[in-house]
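The values are calculated or read from the model by the stated rules, or taken from the named source; none is laboratory data. Fair warning: this is a prediction, and the values are worked out from it, not measured in the lab. For neighbour counting, all protein chains shown are included, and Cβ atoms are generated from backbone atoms with ideal geometry for every residue, glycine included. Ligands, DNA and RNA are excluded from the accessible area calculation, which covers all protein heavy atoms including side chains. Shrake-Rupley method; radii C 1.70, N 1.55, O 1.52, S 1.80 Å.
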Amino acid sequence: MIDTSIKIPEELGIIPIKGGVIFPDQIVPLIIHTPKLAKLIDELLTTNKLACALTQRNPDIEDPRPDEVFTVGCVIQITKMLRFPDGTIRLLIKGLKRFRVATFTQQEPYLKARIETIAPAYRKTVALEAMVRNVVVMFQHLVSLAPYLPDEYAAVVLNMENPDNLIDFVTSTINFDYNEKQTLLELTDPKERFTRLIPMLQKEISILELGAKIRSDVKSELDKGQREFYLREQLKAIQRELGETDEQTREVEDLRKKIMEARMPEPTNKVALKELDRLAKMPPQAAEYTVSRTYIDWLVSLPWSISTQDNINISRAQRILDEDHYDLEKVKSRILEYLAVKKLKPDSRGTILCFIGPPGVGKTSLGKSIARALERKFIRISLGGIRDEAEIRGHRRTYVGALPGRIIQSIKNCGTNNPVFMLDEIDKVGADFRGDPSSALLEVLDPEQNNAFSDHYLEVPFDLSRVMFIATGNVVDSIIPALRDRMEIIELPGYILEEKLEIARKYLIPRQISETGLKSNGIAFEDEAVKNIISNYTKEAGVRNLERLIGSICRKVAKRVAEGKRGKSRITAKNLSRLLGPQKIPGEVAARAGQVGVATGLAWTPYGGEILFIESLQTRGKKGLILTGLLGDVMKESCQAALSYLKTKLTRWGIEEEGFENQELHVHIPSGAIPKDGPSAGLAVVMSLASLMRNEPIDPKIAFSGEITLSGRVLPVGGIKEKVIAAKRAGIAKIMLPKENEKDLQEIPRHVRTGLSFIFASKIEQALNRVFPSKK
């Protein structure tokens, strides 16, 4: 209650209050640490000990001005004062009465103001009584919820009859924002004050109730967890008394047994047992438990000491290779040499074989045959399009869902540590910000390093030296040099017509008859029909499309058999168009017979050799050379060099050079949508332009390949084997090559060279004399 005997002066010094509001009858401790306020306190102690407490608008200001404090506050009385050695003064103050500042009368050394006290103004009504009771009930409920309010406060409010006193007491004890408290202090009408206070109480009660619910839920969860832990410990004690073990203990013992049975290397065994000890100490509910359990599973499931026994019988291996593949004598010989060394020295670290050749020539099936000959298991993974190094080395266990790389995964799936492992499409490995898989393969394919291959997931060395790695690809150029250096490149050329015929008879036709459910006595392919399919329906170095077309014919016959039609189906050249439609590959060589300005060139592609035609035409127009057919810069320069050289021969042929002044020479190479480049078409371009200038056709059965120079030399080119096979396949009879490429014919099988004649030239003049023997 306010002491009415104390006379409050009209002018008082002001004590600014930071972040708080003083209410009447409230006793509050206060610390004074500024010299200005210390001077005010000293003066107050010599008088009536009365001052004004005004809340600062901004609590961060140290020395506020008049406009930086609120104008409604509370008159206070100092009831106790203590001075400390650090210069601070600690006060105990009591709020007496609310006031309003009339005017500020002093700023230095401290604030001073003339004030007007606010007298209580209320009239007892039923509505006001209802509000009082409502606030009392809400405050008592709040006391029961708020841990910072003593229980005695619930009884204190029951004895308060004055509404202003009740509001002041409730507001001063609850942790409201100081701006909300200041608003309640400034209001004079009790009804307005209650109307503002009740929502504030309701909000505080809601917050405290929610906090109590959260604490209750957390406590319930903790109690539940403690209860489960207690029961689980009791269950373990009971199981120990009965001589039984719990599920986790059984699991740990099973894993320990598997670790012992896996016969890992000693360092790996220590890592596995250490991880198992960690697992045994973890609760099964822990997130790390599953990660650790999966890691141990991977370690015990790898074939550390499981291998198949090699059955190296050279004669048997030769028979299996012959059964599965036609020809490829050089490749088979190299494979047998590899097996022979393996037989004589089982612990030898052989080289890594890499089969390079166009699609469909049997690279992958060769790996399967090797595995069958050795009686080893066969694994194949495709590296085409791989861009992430983790595909090879695996992810570290810190990542969610981490797994070993595809090398370790495949070893685990096959169940032995010495399979035949085929890395398909090694020339199509990519690289990006996630790493370079080709660089990761360096360790895998290096016999000096792969006996301790480290996968990022396992983090223990695994011996890959017993694995027989075989790589395949279409081109060598796209394989990085360091990786190419670790492998022995074995090239598989494309097949000619006779070879494809034999492959179809021995392998493709029987396989497709079997796969379509037919019987060998229900269908028969004539040789002429197969040759027709090869020549007129496929254009490839391998036999993949050939097998696809044979399968299509077999399915049509199978449909006929399923419909109940009887009789043997004979596939001939005559009924082929009915089964496969009109021929898709026209005979271009024959069609171009007798055409002036047309020469046949030979080209190399990643998918085998090809023939291409160089066409030249002379028209009226601006002097110049027009080149079309999507030619690259090197090929364009070859065409320009050919024209420049031939212009020096015009007078010898009796042709006036002036006749070309108002003429355009147009060189075109068909298949305009396909990019073409390289110097090897230079000789064919010379022949095409010479044919046009001399007005003499070239025999379409002659094909040319060679680089030319302005001085008239014919330089050697690459891809001779593929080009010769393409020429044979296209029905070419003669091939003109650079003299320095004569030695490359030794690499070409005899049966491919049979029926072909070769002309070698070191000078363009020699080549022209052989093609155009007349003196014109």
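Could you give the C-alpha radius of gyration of the stretch 462-589 expressed as a fraction of 2.2 N^0.38 Å, taking N as the number of residues it contains? Show your work: numbers first, answer last.
Values: Rg = 19.6 Å, N = 128, 2.2 N^0.38 = 13.9 Å.
Its radius of gyration relative to the 2.2 N^0.38 Å reference: 1.41.
Ignoring ligands, DNA and RNA, what percent of the accessible area of the chain is carbon or sulfur (1.4 Å)? Before the final figure, lay out each step's value.
Details: 20310 of 39510 Å².
Summing carbon and sulfur atoms, their accessible area is 51 percent of the total for the chain.
Consider the candidate values (i) 1.33; (ii) 0.97; (iii) 0.99; state which one is Rg/Rh (Cα atoms, Kirkwood Rh) computed from the structure displayed.
(i)
Across the stretch 628-640, in residue order, what do the Karplus-derived ³J(HN,Hα) couplings come to in whole Hz, using 6.51 cos²θ - 1.76 cosθ + 1.60 with θ = phi - 60° and x for Gly and Pro?
9, x, 6, 8, x, 4, 5, 5, 5, 5, 5, 5, 5
Please list, ordered by chain and number, the residues whose modelled amide H lies under 5 Å from the amide H of Ile352; skip anything fewer than 5 residues away on the same chain.
Glu488
If you plug each phi of the stretch 185-195 into the Karplus form 6.51 cos²θ - 1.76 cosθ + 1.60 with θ = phi - 60°, what whole-Hz ³J(HN,Hα) values come out, in order, with x for Gly and Pro?
5, 6, 5, 9, 6, x, 5, 5, 5, 5, 4
At 1.4 Å probe size, with every protein chain present, just tell me what the per residue accessible area of the stretch 400-461 comes to in Å².
I get 35 Å² per residue for the stretch 400-461.
Just reorder Ser520, Ser680, Ser439, Ser691 by solvent-accessible area, largest first, 1.4 Å probe, all chains present.
Working: Ser520 95, Ser680 25, Ser439 60, Ser691 0 Å².
Heavy-atom accessible area, descending, gives Ser520, Ser439, Ser680, Ser691.
Among residues other than Glu498 whose Cβ falls under 14 Å from its Cβ, what is the net charge (Lys/Arg +1, Asp/Glu -1)?
Values: positive: Lys500, Arg505, Lys506, Lys531, Lys728, Arg729, Arg750, Arg753; negative: Asp327, Glu499, Glu502, Asp527, Glu528.
Taking every Cβ under 14 Å from that of Glu498, the sum is +3.
First check a/c for the stretch 300-437, with a ≥ b ≥ c the square roots of the eigenvalues of its C-alpha gyration tensor; if it is under 1.5, answer rounded, and if not, answer prolate when a/b is larger than b/c or oblate otherwise.
Numbers: a/c = 2.58, a/b = 1.50, b/c = 1.72.
Because a/c hits 1.5 or more and a/b fails to exceed b/c, the stretch 300-437 counts as oblate.
For every other residue with a beta carbon closer than 12 angstrom to the beta carbon of Lys18, add +1 if it is Lys or Arg and -1 if Asp or Glu, then tell me the sum. Walk me through the intermediate numbers first.
Working: positive: Arg57; negative: Asp60, Glu62, Asp63, Glu68.
That sum, taken over residues with Cβ under 12 Å, equals -3.
With every protein chain in place, what's the accessible area of Met487 (1.4 Å probe, Å², nearest 10)?
Taking all protein chains as shown, Met487 has close to 20 Å².
So which GluC sites (Glu not before Pro) in the stretch 329-416 are both in a DSSP loop and have at most 14 other Cβ atoms within 10 Å of their Cβ? Intermediate results must be reported in sequence, preceding the final value.
Details: sites: Glu329, Glu337, Glu375, Glu389, Glu391; in loops: Glu375, Glu389.
The qualifying sites are Glu375.
With θ set to phi - 60°, apply the Karplus curve 6.51 cos²θ - 1.76 cosθ + 1.60 along the stretch 483-496 and write out the HN-Hα couplings as whole Hz, x wherever there is a Gly or Pro.
After applying 6.51 cos²θ - 1.76 cosθ + 1.60, I find 6, 5, 5, 8, 10, 9, 7, 10, 8, 10, x, x, 9, 8 Hz.
Any idea what the alpha-carbon Rg over 2.2 N^0.38 Å comes to for the stretch 1-159? Write down the numbers at each step before the final one.
On the way: Rg = 17.7 Å, N = 159, 2.2 N^0.38 = 15.1 Å.
Taking the Cα Rg and dividing by 2.2 N^0.38 Å, one obtains 1.17.
Rounded, prolate or oblate: which fits the stretch 327-400, taking a ≥ b ≥ c as square roots of the Cα gyration tensor eigenvalues, rounded meaning a/c under 1.5, else prolate when a/b beats b/c? Walk me through the numbers on the way to the answer.
Values: a/c = 2.68, a/b = 1.58, b/c = 1.70.
Cα axes put the stretch 327-400 in the oblate bin.
For the stretch 702-774 and the stretch 514-547, write down the distance between their C-alpha centroids in whole Å.
32
Of the beta bridges DSSP finds with both residues in the chain, what % are antiparallel, to the nearest 5?
Numbers: 51 of 92 bridges.
Once the DSSP bridges in the chain are tallied, antiparallel ones form about 55 percent.
Magnitude of the Cβ-charge dipole of the stretch 313-460, K/R +1 and D/E -1, about the Cα centre, nearest 20 debye?
Numbers: 23 positive and 21 negative charges, 103 e Å.
That gives the stretch 313-460 a dipole magnitude of about 500 debye.
Just read off the accessible area of Ser478 with the full protein assembly in place, 1.4 Å probe, to the nearest 10 Å².
Spelled out: Ser478, probe radius 1.4 Å, area about 60 Å².
If you average the alpha carbon positions of the stretch 361-393 and of the stretch 152-211, how far apart do those two centres end up, in angstrom?
81
Once amide H atoms are placed 1.01 Å from N in the peptide plane, what residues at a sequence separation of 5 or more from Thr55, or on another chain, have their amide H within under 5 Å of its amide H?
Ile17, Phe70
I'd like the distance separating the alpha-carbon centroids of the stretch 31-77 and the stretch 108-143, in whole Å.
One Cα centre to the other: 23 Å.
For Asp25, which sequence-distant residues (separation of 5 or more, or a different chain) have an amide H within less than 5 Å of its own amide H, given hydrogens modelled in the peptide plane?
Hits under the 5 Å cutoff: Gly95, Leu96.
Counting only C-alpha contacts under 8 Å and six or more residues apart, can you give the relative contact order of the chain as a whole percent?
Details: 1287 pairs, mean separation 56.0, N = 776.
7 percent.
Show that you can apply the helix-only estimate: for the chain, add -39,500 (n - 2.57) for every DSSP H stretch of four or more residues, divide by all residues, and state [θ] at 222 nm to the nearest 500.
My calculation for the chain gives -13000 deg cm²/dmol from helical runs alone.
If contacts are Cα pairs under 8 angstrom and at least 6 residues apart, what is the relative contact order of the stretch 33-168 in percent?
Numbers: 150 pairs, mean separation 20.2, N = 136.
Rounded, it is 15 percent for the stretch 33-168.
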